[in-house]
Structures are given as C-alpha cells and as structure tokens.
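Novice: Below you will find the structure I want to go over with you.
The values are calculated or read from the model by the stated rules, or taken from the named source; none is laboratory data. Predicted, not measured: the structure shown is a model, and the values here were computed from it. Reconstructed Cβ throughout: ideal geometry from the backbone, glycine too, with neighbour counts over all protein chains shown. The protein model used for the area step is the full one, side chains on, heavy atoms only, and it has no ligands, DNA or RNA in it. Shrake-Rupley method; radii C 1.70, N 1.55, O 1.52, S 1.80 Å.
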Amino acid sequence: MADAVIVVALLLVAVSATAAVATREPARQALVLSVLGIVLAVLFTVLQAPDVGLSQLAVGSALTPLLIMLSVRKVRRRGRTKDGAE
C-alpha cells in the first residue's frame, strides 16, 4: 500500500515538473511551479520527512512563485513605461 502511494506521488511530481517546463508564459509557469511545490511537499511527507515537506510547502509553493510573479509584474511595467515614453 505504501509503495503504491509513493509511486503515485512520484508520477504526480513527474507530470507537474514536465508541465512546469513545457509552459511558456511566465505567469502560468509560476502557478504550475506552485503546484509542483505542493506535490513535492506531499512526496516528502509520504517519504516520512515532514520537516522537509513543510519547508517545501512554504518555499516551493508559496515564496518562489510569489517572487516570480512580482518579478514578471515589474518587468512588464518597465516595458510599458519605456514604450510609452518614446
């Protein structure tokens, strides 16, 4: 039973990581990266590493996508102001 849960978690990690790589738009990529972080946190918890899972949940599914979204927003705003000034 435990082996089946591990296999399912690994398959979900593989699918979500592939989706994160295949996505082209940065905003959607950040959302898929957040899902990947959640799936990795579940995998770590299943593998009996709850401390690593909690860290992954905080950093991988919340902080990193938030920083990516803020960076994309900042770059898009700079592009608009430069285009409008010329």
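Novice: State whether one or more residues within the range 42-56 are in a helix (DSSP H, G or I), of a type in the set (Ser, Thr, Tyr) and within 30 Å of ALA2 (Cα to Cα).
Specialist: The answer is yes, given that some residue of the range 42-56 is in a helix (DSSP H, G or I), of a type in the set (Ser, Thr, Tyr) and within 30 Å of ALA2 (Cα to Cα).
Novice: I'm trying to understand the selection: among the residues of the range 69-83, which are under 12 Å from PRO26 (Cα atoms) and open to solvent by less than 60 Å² (accessible area, probe 1.4 Å)?
Specialist: Of everything in the range 69-83, just one residue is under 12 Å from PRO26 (Cα atoms) and open to solvent by less than 60 Å² (accessible area, probe 1.4 Å), namely VAL72.
Novice: Restricting to the range 13-36, count the residues that are surrounded by 14 or more Cβ atoms within 10 Å (Cβ to Cβ) and more than 12 Å from the chain's Cα centre (by Cα).
Specialist: Number of matching residues: 0.
Novice: OK, next. Please pick out the residue among ARG76, ARG28 that is at pLDDT below 90 and assigned to a helix (DSSP H, G or I).
Specialist: The conditions single out ARG76.
Novice: So is VAL39 part of a helix (DSSP H, G or I) and either under 30 Å from ASP3 (Cα atoms) or open to solvent by 50 Å² or more (accessible area, probe 1.4 Å) (or both) or not?
Specialist: Values: part of a helix (DSSP H, G or I): yes; either under 30 Å from ASP3 (Cα atoms) or open to solvent by 50 Å² or more (accessible area, probe 1.4 Å) (or both): yes.
In short, yes.
Novice: Let me ask you something else. Could you please find all residues in the range 47-68 being crowded, with 17+ Cβ neighbours inside 10 Å and within 19 Å of ALA9 (Cα to Cα)?
Specialist: Hits for the range 47-68 are GLY53, GLN56, LEU57, GLY60, SER61.
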